Amino acid sequence: MKVERRVISVIVQNEHSVLSRITGLFAARGYNIETLTVAPIPESGMSRLTIETRGNVRVIEQIIKQLHKLIPTYKVIEHEEMIEKEMVMMKFPINESLSNIQALCEAYNGGIANVSSQHIITMIADEPKRVRHFIEAAQRFHPIEIVRGGVVAMERE
Amino acid sequence: MEMTGAQMVIEAMKLEGVDTVFGYPGGAIMNVYDEIYKQKEFRHILTRHEQAAVHAADGYARATGKVGVAFVTSGPGFTNAVTGLATAYMDSVPIVVVSGQVPISLIGTDAFQEIDATGISRSCTKHNFLVRSAKELPRILKEAFYLAASGRPGPVHVDIPKDVTAETAKFDYPARIDIPTYRPTTKGNLRQIKKAAEVICKAKRPVFYLGGGIVHSNSAELVRELVAETKIPAVETLMARGVLEHDNPLLLGMVGMHGSYQANMAMSEADLMIALGPRFDDRVTGKVSEFGKHAKIIHVDIDPSSIGKLVDVDYPIVGDLKEVLEVMIPKVKECVDPDRYQAWRDILKRYNEIHPLAYEDSDKVIKPQWVIERVGQVLGDKAVISTDVGQHQMWTAQFYPFSFPRQFVTSGGLGTMGFGFPAAVGVKRACPDKISVNFTGDGSILMNIQELVTAVESRLPVINIVLNNHYLGMVRQWQTFFYEKRYAETDLSFQPDFVRLAEACGGIGYRVETKEEFDEALNDAIEKGVVAMIDVIVDREENVLPMVPSGGTLYNMLLEYKD
């Protein structure tokens, strides 16, 4: 069976150790987590997790069912068509071209976040595929550090 | 009403109708035990090991369908209980285990007898709670009982820090609860049920694949009706033994690794498998890609994650089996013609004539299967039968004449040696009018032998029948078949004197080497009604057959073993 990438959003009750229930489930059943982001949903007592995972159709189906089965899980959202974004921060040495770096970042919905005497820090936010392109393209400016934020997603409709 | 956390625990037991708690006290749960001392609502049975407390609660729950309850302390008390939780989890048994925890201020400091209990139990419970204040304790206890028994049942663990049991708060026990994130589907999809009824009526070679879900949902009566109306043959999993009466001509026997020839052939040749509450365990399916290769599959289960997990299902129905069957039976009745399956029944009958489930009896040595059949003749439906794990367990499943659901209490999924005796203690407490028999092996019985003391002290007579082959028999059998008889650490020739061991704990022991001696011992044990240990010296080299080697296909059974 073909292994595919899937982004799943999970709405959970914001309670003690709920995150470890989710990650524990992935670990115990041998599922993959490529990226994971978590944050509370304002004024709801709920949190939203976005999990980027891989597996064949049967595995993806089991992941969704097993997530549903967890008692604090309110909703599992999985769609072929999700609007996905990922944020990336990158640190460059100060001797690299500030204007070239800025131009590159702007092409990927970002810009310069901070400039110190030593470093240039940039941030971008774009679709996961474009994020990969950005990281590739940025290599020529000799980045010192890359921080990826993990995918967040929202249903299109 | 204001009360302490410890008092709340007692009150909750009262409101949940708990009549028995199995447990073992210790530092972190002493406040609760202090309240147990003062109350008269339920009986506390002191086991001699926390694992046994949980197995006893489990046995109680399996025998009745009610939620079993066990109390243990923090740290080692809890870790000892983990095997019990895992056993109940694998077989979907509703129990609530309350453990003590170090005071909240000490959590995370590696305090004395501290362990991250909810961290450990997370993967072997349906749900668990670490209680943070007495205020939330009533709601949590209510939820624990509700979660354990509803939907797909399972164990729930409640970890209560010592200061929470001392703290006072208002006791406001919810009459009903609503967990917005937990709403099991109980009503099956009507269109799917209709479709299923149609394919049942159109099938040529259908077979019922009966699983433990029938027992959990108390729907054996409906299943019996469905089988009788359709005259479709049925196989039972280990967990479903007793759903159909042993002498029902449509019952093909147990399916799977040690299933009968006709049951496994029926599954292999069927064109329709009607799976009612099983979970397609690897011990049943053998090689998955060959399982039910020619069959369309209907699968009814309350747990959506059980459906399509291992085998693709053509007609999935998520719902409570009882509710689904109540709708399905009239629909099947409308269209079914039982004569339609006559040719199929004849084929299966022929299979059974060629390779019936049987063993070769002997005059020289007692065959283990004979012992089980004998107990079946003497006690039949007067006994509830527990087992440990191994050869004796499979022989019991094959040869005991079960006649009602919940008559057979055994650790199926986890395969926990040491389960049988404490479970049988719980069974006796739950069913005082039944004779509680534990078939065990000379390996398994030693894994919770200390429960002799519990059973004697608590006056809960269990008849332990040790099928003693001086081997760790099932592992020995695999070594014989697959490891060229290299009997690594399976020779148990050195063993205690089981008679004196039983007597040392206040029970009664018998050593038996002939059939006559066995009859005498069994009758004496039944008559005396005390805790008994019958040490039966059986044929050492007997194997459990038929056998589907691990990962093999169901239709390729080893039917005999010749040296």
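I want to check the label-to-label distance for B:MET1 and B:ALA343. Put each point 7 Å from Cα in the C-beta direction and report it in nm to one decimal.
With each label point 7 Å from Cα toward Cβ, the separation is 7.0 nm.
Which number do you get for Rg(Cα) / (2.2 N^0.38 Å) in segment B:1-41?
Relative to the 2.2 N^0.38 Å estimate, segment B:1-41 comes out at 1.11.
Can you check what the net charge comes to around A:HIS79, using other residues whose Cβ is under 9 Å from the Cβ of A:HIS79 (Lys, Arg +1; Asp, Glu -1)?
Overall, the nearby charge balance is -4.
Residues with beta-carbon under 14 Å from that of B:ASN523, excluding B:ASN523: net charge, scoring Lys, Arg +1 and Asp, Glu -1?
-2
Compute the Cα gyration tensor for chain B, then decide on rounded, prolate or oblate, letting a ≥ b ≥ c be the square roots of its eigenvalues: rounded whenever a/c is under 1.5, prolate when a/b is larger than b/c in the other cases, and oblate in all that remain.
The shape class here is oblate.
Rank-order B:316-322, B:527-533, B:388-394 by packing density, defined as the average count of other C-beta atoms within 10 Å over each peptide's residues, highest first.
Answer by packing, highest mean first, reads B:388-394, B:316-322, B:527-533.
On the Cα set of segment A:100-157, report Rg and Dmax in Å, please.
Taking only Cα atoms of segment A:100-157, I get Rg and Dmax of 12.4, 46 Å.
Inside 10 Å of the C-beta atoms of B:262-273, what's the mean count of C-beta atoms belonging to other chains?
Partner-chain Cβ atoms within 10 Å, mean over residues of B:262-273: 0.
Lys and Arg at +1, Asp and Glu at -1: add these up for the other residues within a Cβ distance under 11 Å of B:MET8 and post the number.
Net charge in that neighbourhood comes out at -1.
Taking amide hydrogens as modeled 1.01 Å from N in the peptide plane, which residues meet the under 5 Å criterion relative to B:ARG205, leaving out close sequence neighbours?
B:ASP271, B:LEU272
Whole Å is fine, so just give me how far the alpha carbon centre of segment B:1-29 lies from that of segment B:281-351.
If we compute the Cα centre of each part, the gap is 43 Å.
Using a 10 Å cut-off on Cβ to Cβ distances, tally the other chain neighbours for every residue of B:119-129 and report the average as a whole number.
Average per residue, whole number: 3.
What number do you get for segment B:390-508 when its Cα radius of gyration is normalised by 2.2 N^0.38 Å, N = residues?
1.12
What span do the alpha-carbon atoms of segment B:276-379 cover on each of the three principal axes, reported in whole Å from largest to smallest?
Here the Cα extents, ordered largest to smallest, are 53, 34, 32 Å.
Which ordering of B:VAL327, A:VAL10 is given by a fewest-first count of other beta-carbon atoms within 10 Å?
B:VAL327, A:VAL10
What are the extents of the Cα atoms of segment B:303-440 along their three principal axes, in Å, largest first?
Extents along the principal axes, in whole Å: 52, 38, 32.
Looking at segment A:15-78, which GluC sites (Glu not before Pro) are in a loop (DSSP not H, G, I, E or B) and have at most 11 other Cβ atoms within 10 Å?
Sparse-neighbourhood loop GluC sites (Glu not before Pro): A:GLU43.
State the dimensionless ratio Rg/Rh of segment B:135-262 (Rg: radius of gyration of Cα atoms; Rh: Kirkwood radius).
Reported Rg/Rh, Kirkwood definition of Rh: 1.16.
Sorted by packing (mean other beta-carbon atoms within 10 Å per residue), highest first, where do B:190-198, A:140-148 land?
Ranking the peptides B:190-198, A:140-148 by packing returns B:190-198, A:140-148.
Quick one: if you stick a label point 7 Å off each Cα along the C-beta vector at B:TYR561 and B:ASP361, how many nm between them?
Between B:TYR561 and B:ASP361, the simple spin-label model gives 2.3 nm.
For segment B:106-171 and segment B:199-236, write down the distance between their C-alpha centroids in whole Å.
Between the Cα centres of segment B:106-171 and segment B:199-236 lies a distance of 39 Å.
How would you classify segment B:189-339 from its alpha-carbon gyration tensor, with a ≥ b ≥ c the square roots of the eigenvalues: rounded for a/c under 1.5, else prolate if a/b is greater than b/c, otherwise oblate?
Rounded shape, in that the Cα axes give a/c under 1.5.
Say the dipole of segment B:1-142 comes from +1 at the beta carbon of Lys and Arg and -1 at that of Asp and Glu; which of B:GLY75, B:LEU130, B:THR20 then lies farthest toward its positive end?
Of the listed residues, the answer is B:THR20.
Sorted from fewest to most neighbouring beta carbons within 10 Å, what does the list A:ILE63, B:ILE465 look like?
Lowest to highest Cβ neighbour count: A:ILE63, B:ILE465.
What dipole magnitude, in Debye to the nearest 20, does segment B:368-537 give about its Cα centre under +1 on Lys/Arg Cβ and -1 on Asp/Glu Cβ?
Dipole about the Cα centre, nearest 20: 480 debye.
Give me P(r) over segment B:325-405, computed from all C-alpha to C-alpha distances, binned every 10 Å, as integer percentages.
Binned Cα distances yield the sequence 14, 28, 27, 24, 6, 1.
Mean residue ellipticity at 222 nm from the helices of chain B, using -39,500 (n - 2.57) per DSSP H segment of n ≥ 4 over the full residue count, to the nearest 500 deg cm²/dmol?
-11000 deg cm²/dmol
Taking the alpha-carbon centroid of each part, what is the distance from segment A:11-52 to segment B:354-397 in angstrom?
Their Cα centres are 49 Å away from one another.
Taking N as the number of residues in segment A:4-78, what value does Rg over Cα atoms divided by 2.2 N^0.38 Å take?
Normalised Rg, Cα atoms only: 1.02.
Quote the Stokes-Einstein diffusion coefficient, in whole µm² s⁻¹, for the protein assembly as shown, based on the Kirkwood radius over alpha carbon pairs, a temperature of 4 °C and a viscosity of 1.567 mPa s.
46
To the nearest 20 debye, what charge dipole does the protein assembly as shown have about its Cα centre, counting +1 at the Cβ of each Lys and Arg and -1 at the Cβ of each Asp and Glu?
Dipole size: approximately 1480 debye.
With 10 angstrom as the radius, rank B:TRP478, B:TRP395, B:TRP344 by how many other C-beta atoms surround their C-beta, starting from the fewest.
B:TRP478, B:TRP344, B:TRP395
Which value, in debye to the nearest 20, describes the size of the charge dipole of chain A about its Cα centre when Lys and Arg Cβ atoms bear +1, Asp and Glu Cβ atoms bear -1, and nothing else is charged?
540
For segment A:60-157, how big is the tail of P(r) above 15 Å, as a whole percent of Cα pairs?
It works out to 65 percent of all Cα pairs.
The numbers here are math on the coordinates, done by the rules we state, and not lab data. Every value quoted in this text rests on a predicted model; they were computed, and no experiment measured them. All Cβ positions, even for glycine, are placed from backbone atoms using ideal geometry, and neighbour counts span all protein chains on display.
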